[in-house]
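Comments concern the structure below.
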Amino acid sequence: MNKQLSPALWAENTYSLPVTTDRFALSKERSQRSQPLMRKYEIASLLPCGDARTSHHLAPANDLFEATSSAFARGALIATPNGPIAVEDLLPDDIVDTVDGTPQTLVWVSSTSYIPTQSQPNSTLTGLMRLVADGYSKAGAHCDLMLGPNARLLQEHPNLEKAISVRSVLAPVRDLEDGYGAFFVSPPSRVKLFHLRLAKHAAIYANGRAVETYHPGKGVDDQLGDNMRTLFLSLFPDIEVFTDFGPLAYPRMSKDTLESLTRN
């Protein structure tokens with residue numbers, strides 16, 4: 001019998017790929033188990049010993065895993081002390097400028113491919129968000145920015161500090177669609193998407209916009225079973241437990257919540 005085990009495990013149950021012989025084929029009367037859809041992820045990380053490591057992973061194509069790799073589209077220019085560098089050219093141990101003014105070390109780079117013609121039911125990758133020049137940039141960005149649907153932008157408002165004692169919050173870029181300064185697009189061909197993680201959670205400049213670096217967020221650990229937690233943490237060779245991600249630098253909230261807090 002030729003039987004292949006899937007490289008990933010769901011939290012609730014294990015599963016195997018269909019056998020290649022019809023000896024054990026399911027009858028029409030028996031319900032068939034749908035095969036979870038998978039996606040390839042490429043990880044480059046800086047290990048605690050100072051060495052860099054590149055690895056390839058096959059993991060579920062769902063919001064939890066896709067959020068690790070779908071913030072910046074290829075070509076996004078990331079601000080560094082040596083000038084802007086395309087996101088695809090950044091490597092672990094590079095130094096990146098942050099919004100708070102303190103440069104940080106890049107410790108992790110993740111990427112995956114968005115293929116418009118390959119739609120997947122549970123995937124969050126259904127298009128890219130295009131931000132036109134100066135649409136959401138106080139720095140006066142001179143070119144458009146393409147972001148994945150899981151990116152978050154740093155938002156400021158004078159009423160925020162009065163409402164929740166913070167000056168800036170992170171809002172999902174998909175919430176900012178207005179059809180003018182920000183709108184969804186479907187590219188004609190494959191696009192490489194990236195995400196970046198620094199030593200500490202922060203916001204960085206991409207084409208002049210303040211965009212969040214990767215952090216899984218609060219409470220994710222409690223929602224995962226043992227198998228799924230192990231699979232997820234395998235994407236982060238320098239992380240042993242979720243607390244190693246550190247605290248969030250800014251609160252996260254939806255556009256609706258932000259508007260309710262800042263409404264006069």
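The values are calculated or read from the model by the stated rules, or taken from the named source; none is laboratory data. Since we're looking at a predicted model, the values are computed, not measured. Note that each Cβ is placed from the backbone with ideal geometry, even for glycine, and that neighbours are counted across all protein chains shown. SASA here: full protein model, heavy atoms, side chains in, ligands and nucleic acids out. Shrake-Rupley method; radii C 1.70, N 1.55, O 1.52, S 1.80 Å.
Things to note:
- Exactly one residue among 139, 133, 171, 151 is at pLDDT below 90 and out of contact with any Cys (no Cβ under 7 Å at 6 or more places or on another chain), and that residue is 139.
- Count of residues meeting criterion [among the small types (Gly, Ala, Ser) and assigned to a strand (DSSP E or B)] in region 172-192: 1
- Residue count, region 46-86 (criterion: of a type in the set (Val, Ile, Thr) and over 14 Å from residue 108 (Cα atoms)): 3
- Residue in region 196-212 that is within 15 Å of the chain's Cα centre (by Cα), hydroxyl-bearing (Ser, Thr, Tyr) and more than 21 Å from residue 40 (Cβ to Cβ) present: no
- Listed by first and then second residue, the pairs with beta-carbon distance under 6 Å, at least 6 apart or on different chains, first residue in region 232-259 and within 30 Å of residue 50 (Cα to Cα) and in contact (Cβ under 8 Å) with a residue 60 or more places away in the chain, second charged (D, E, K, R) and open to solvent by 50 Å² or more (accessible area, probe 1.4 Å), are 237/53.
- Single residue of region 173-194 satisfying the filter (of a type in the set (D, E, K, R) and closer than 26 Å to residue 89 by Cβ) that is surrounded by the most Cβ atoms within 10 Å (Cβ to Cβ): 192
- Pairing each residue of region 207-223 that is touching a residue at least 12 places away in the same chain (Cβ under 8 Å) and over 17 Å from residue 194 (Cα atoms) with any residue that is open to solvent by 10 Å² or more (accessible area, probe 1.4 Å) and not in a loop (DSSP other than H, G, I, E, B), provided the two are 6+ apart or on different chains, yields C-beta distances under 7 Å for 217/252; 220/242; 221/229; 221/242.
- The sole residue among 75, 83 that is in contact with a helix residue (DSSP H, G or I) (Cβ under 8 Å, 6 or more places away or on another chain) and within 23 Å of residue 133 (Cα to Cα) is 75.
- Within the option set 169, 211, being touching a strand residue (DSSP E or B) at 6+ places or on another chain (Cβ under 9 Å), farther than 30 Å from residue 118 by Cα and assigned to a strand (DSSP E or B) holds for one residue only, 169.
- Scanning region 45-74 for residues that are surrounded by fewer than 19 Cβ atoms within 10 Å (Cβ to Cβ) and of a type in the set (A, V, I, L, M, F, W, C) yields 47, 49, 52, 58, 64.
- Condition broken by residue 225, with the remaining ones in (1) under 30 Å from residue 162 (Cβ atoms); (2) touching a Phe, Trp or Tyr at 6+ places or on another chain (Cβ under 8 Å) satisfied: (1)
Yes or no, residue by residue, for (1) among the charged types (D, E, K, R); (2) modelled with pLDDT under 95; (3) open to solvent by 30 Å² or more (accessible area, probe 1.4 Å):
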| position | (1), (2), (3) |
| --- | --- |
| 196 | no, no, no |
| 201 | no, no, no |
| 209 | yes, yes, no |
| 213 | no, no, no |
| 221 | yes, yes, yes |
| 235 | no, no, no |
| 255 | yes, yes, yes |
| 259 | yes, yes, yes |
